[in-house]
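Okay, structure first, notes after.
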Amino acid sequence: MDDARFGRALLALCGHRARELQALSPGEWRELGHLADMLLLEPILHWRDTRGELGRVAEDLRGKWAEAYRENAIRVLAQRRALLKAVTALGEAGIGAVALKGSALAWTVYPAPAARAMRDIDLLVDETAAPEAYLTLQDAGWAGPQQSPDMLADFSAEHTHLPPLLSAEKIVCEVHSHVWLRPPLPGASMPLSDGRRMLSNARYDEKLGAAVPSREDMLAHLVVHAVNAHLLNVGPMALIDVDLLCAKKPIDWPAFWDRAREERFDRPAALLFALVDRWRRPDFLEQSGCPHTVASELLDETELLLVQTPEQLKDVSAIASLRRGRTGGRIVQHPLERAENPVRAGTRIRQLAGRATSVAGSLLSGKSRRAGLATARLQRWIET
């Protein structure tokens, strides 16, 4: 299979079209399994397979997915334990925190927490409290770059989250001072963001043991995070998250679309929901009352952005920026990178030279070039 067929085969495995897969050779199953591994889909695919939702699956892959599920079951418990320790430490300091994305979804809408894999845990705090929250977690045993209060205040104002922190159990935590902030491409715009509203609307979830966003705030966050902030390079999990959230938590759709239009994420929502409809639940668009029509040609192109590999991602945004004629490249090191691994000027020049060489090589790769051009067209469609 070519890359597009592999990508669509993986999307099919994630939803209602799983049984449409034609017979695959052992080698094709291995390639498909490798892609599923890179995109953190093995646990949810195991859960679906044990319920007979996937049809025929290679036996060696079935065993690998079962092992990944067992490992993730242990990891998700460790992540929850670390999250609760962090929330407790922040609470004792008088700082409210809300669990975002994977941590909240795994325990509130997934059929089993172990079915939702995640790389880290994310906690939203008020922007003004973020510097104290970071220092509080360091005092509680979380390891991270030593930063002055002024530097942390700058991080809080200018970036979505502060430098990552690492627990003794090697769990990564990001303290977010904003729900979303900067666009992924130079010159692009982002929807309005109101982290304080999300904090005030949050509710305590007994199963997780921490506060989570309201269903409406969570859905808005999933849309903007997947489409505006990451231009669909977040993997098929984005479709599963939206589908399971809306299946478990009834949404006031007229109110959602009013808010989406007001805050300028209605077109991104329409695109993401059309992909959910195509790959996860065929009546999703109708149920949501989506006011926009998304052309099938756009879906054909953008759905493949969901199945980009980590190797592709490093240069796709640069190619998209070149296509838009708005490079906006950074000469100095990004503050988050500098906090973790500061480099001298000479080293930075070598890094930039290596970056240029990497982008030039990716432009010669049909796969990366197509993804970069599709990303640029997606951004243009959002802004239309």
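Quick note: the coordinates plus some simple rules give every number you see, no bench work behind them. Remember, predicted model here, so these are calculated numbers, not experimental data. No Cβ is skipped: glycine too gets one built from the backbone with ideal geometry, and neighbour counts run over all protein chains shown.
Points worth noting:
- Cα centroid of segment 211-279 to Cα centroid of segment 163-177, whole Å: 26
- Nearest-0.05 FRET efficiency for E169 and R56, computed from C-beta distance (R0 35 Å): 0.35
- Selection among G94, L313, L137 by position relative to the dipole of the chain gives L313 as farthest towards the positive end (Cβ unit charges, Cα centre).
- FRET E, pair Q146, I251, Förster distance 45 Å, beta-carbon r, rounded to 0.05: 0.55
- Relative packing of 116-125, 191-200, 272-281, 81-90, which averages over residues the other C-beta atoms within 10 Å, highest first: 272-281, 116-125, 81-90, 191-200
- Charge sum, other residues only, whose C-beta stays under 14 Å from T293's C-beta, Lys/Arg counted +1 and Asp/Glu -1: -2
- Principal axis box of segment 183-293, alpha-carbon based, largest edge first, Å: 37, 35, 27
- Cα-centre dipole for the chain with unit charges at Cβ (Lys and Arg positive, Asp and Glu negative), debye to 20: 760
- Pair E383, H34: separation of 7 Å Cα→Cβ label points (nm): 3.6
- Among (1) 20.7, 59; (2) 24.9, 81; (3) 20.4, 63, the entry derived from the coordinates for Rg and Dmax of the Cα atoms in Å: (1)
- Across K85/K170; K101/K367; K85/K248; K64/K314; K207/K249; K64/K248, pairs whose alpha-carbon gap is larger than 18 Å: K101/K367; K85/K248; K64/K314; K64/K248
- Using a simple spin-label model with pseudo-atoms 7 Å out from Cα toward Cβ, Q287 and I74 lie 3.6 nm apart.
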